[in-house]
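Written below as structure tokens is the structure these notes are about.
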Amino acid sequence: SQKIEQNSEALNIQEGKTATLTCNYTNYSPAYLQWYRQDPGRGPVFLLLIRENEKEKRKERLKVTFDTTLKQSLFHITASQPADSATYLCALARPSYGNNRLAFGKGNQVVVIP
Amino acid sequence: GAVVSQHPSWVICKSGTSVKIECRSLDFQATTMFWYRQFPKQSLMLMATSNEGSKATYEQGVEKDKFLINHASLTLSTLTVTSAHPEDSSFYICSAVDGLAGESAYEQYFGPGTRLTVT
């Protein structure tokens with residue numbers, strides 16, 4: 001069966017350090033992978049997209065890698081700040097019917113300690 | 001830019017009644033909108049894909065007669081939960097795609113969600 005796995009345990013990290021989250025998937029061949037941020041009781045906010053032919057993508061303090069052989073993506077927040085505390089969701093694209101349907105992982109909570 | 005609103009933000013209804021949730025793209029035309037449901041500590045589950053002017057495409061296991069979706073314009077999609085039951089209580093979130101946005105057409109802009117409680 002298809003699975004998207006993210007660590008269920010919250011990541012507690014000291015301010016200023018780099019937070020690294022993992023997204024593993026099985027039985028998917030995504031055209032691209034996205035990362036979203038979700039705060040409690042709110043809808044997700046798009047952060048980054050990486051395509052299957054890209055190894056790495058950066059945006060400000062964020063970095064995403066994508067290894068289609070390992071079927072894994074890593075999400076890094078460098079110089080983390082308390083405002084980065086949130087749940088981060090990995091989403092795989094399943095293009096079909098001409099639309100880009102997304103399948104989400106459960107998310108991984110990050111808590112940045114001042 | 002790229003703001004999506006939902007209304008209401010929360011609603012409590014009695015079992016057996018119907019509830020309508022609106023999803024609007026405020027500053028762009030949404031060629032495609034998606035409806036998701038999220039239970040506590042769970043992932044977002046895609047319920048259906050809605051294209052303006054055509055019938056929605058439902059995911060496997062989602063009852064189309066129970067969750068009615070209408071995408072009558074490029075800025076508005078509605079989800080109606082018919083004959084709601086307590087097990088329908090959940091967080092319903094819509095997202096929209098700006099099909100004319102080129103590279104950004106893959107980004108989904110999410111609404112703030114609607115908390116539905118069925119008593």
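Throughout, read-outs are computed from the coordinates displayed, never taken from laboratory work. Because the structure is a prediction, the values reported are computed rather than measured. Positions of Cβ are backbone-derived with ideal geometry, glycine not excepted, and every protein chain shown enters the neighbour counts.
Using the Karplus relation 6.51 cos²θ - 1.76 cosθ + 1.60 with θ = phi - 60°, the per-residue 3J(HN,Hα) values for the range B:71-79 come to 10, 7, 9, 6, 10, 9, 10, 10, 10 Hz, with x marking Gly and Pro. Here's how it looks for residue A:48: its modeled amide H is under 5 Å from those of A:35, which are all 5 or more places away or on a different chain. Within the straight-line cut-off of under 13 Å between alpha carbons, the aspartates and glutamates reachable from residue A:55 are A:67, sequence neighbours fewer than 8 places apart in one chain being disregarded. The local environment of residue A:86, defined by Cβ-Cβ distances under 10 Å, has a net charge of 0 under the rule Lys, Arg +1 and Asp, Glu -1. A simple rule links phi to the HN-Hα coupling: the Karplus curve 6.51 cos²θ - 1.76 cosθ + 1.60 with θ = phi - 60°, which for the range A:34-40 gives 10, 10, 10, 10, 10, 9, x Hz, with x for Gly and Pro.
Protection proxy ranking, highest mean first, for peptides B:106-114, A:5-13: B:106-114, A:5-13, where packing is the per-residue count of other beta-carbon atoms within 10 Å, averaged.
As a proxy for reagent exposure, ranking A:76, B:85, B:71 by other Cβ atoms within 10 Å from fewest up yields B:85, A:76, B:71.
Taking a sphere under 11 Å around the Cβ of residue B:31 and counting the other residues whose Cβ falls inside, with K and R at +1 and D and E at -1, yields a net charge of -2. Cross-link partners of residue A:57 among lysines, defined as those whose alpha carbon lies under 23 angstrom from its own and excluding same-chain residues fewer than eight positions apart: A:17, A:71, A:106. Bridging of residue B:64 to lysines at a Cα separation below 23 Å is possible for B:14, B:20, B:55, once same-chain residues fewer than 8 apart are set aside. As a length-normalised measure over Cα pairs under 8 Å and 6 or more apart, the relative contact order of the range B:11-119 settles at 36 percent.
Relative contact order of chain A, taken over Cα pairs closer than 8 Å and 6 or more residues apart, is 35 percent.
A Förster radius of 25 Å combined with the Cβ-Cβ distance from residue A:79 to residue B:39 puts the calculated FRET efficiency at roughly 0.15. Here the range B:1-67 and the range A:45-114 have alpha carbon centers that stand 23 Å from each other. Applying a 4.7 Å cutoff between beta carbons, the unpaired cysteines of the protein assembly as shown are B:13. With neighbour counts taken as other beta-carbon atoms within 10 Å, the residues B:27, B:98 rank, fewest first, as B:27, B:98.
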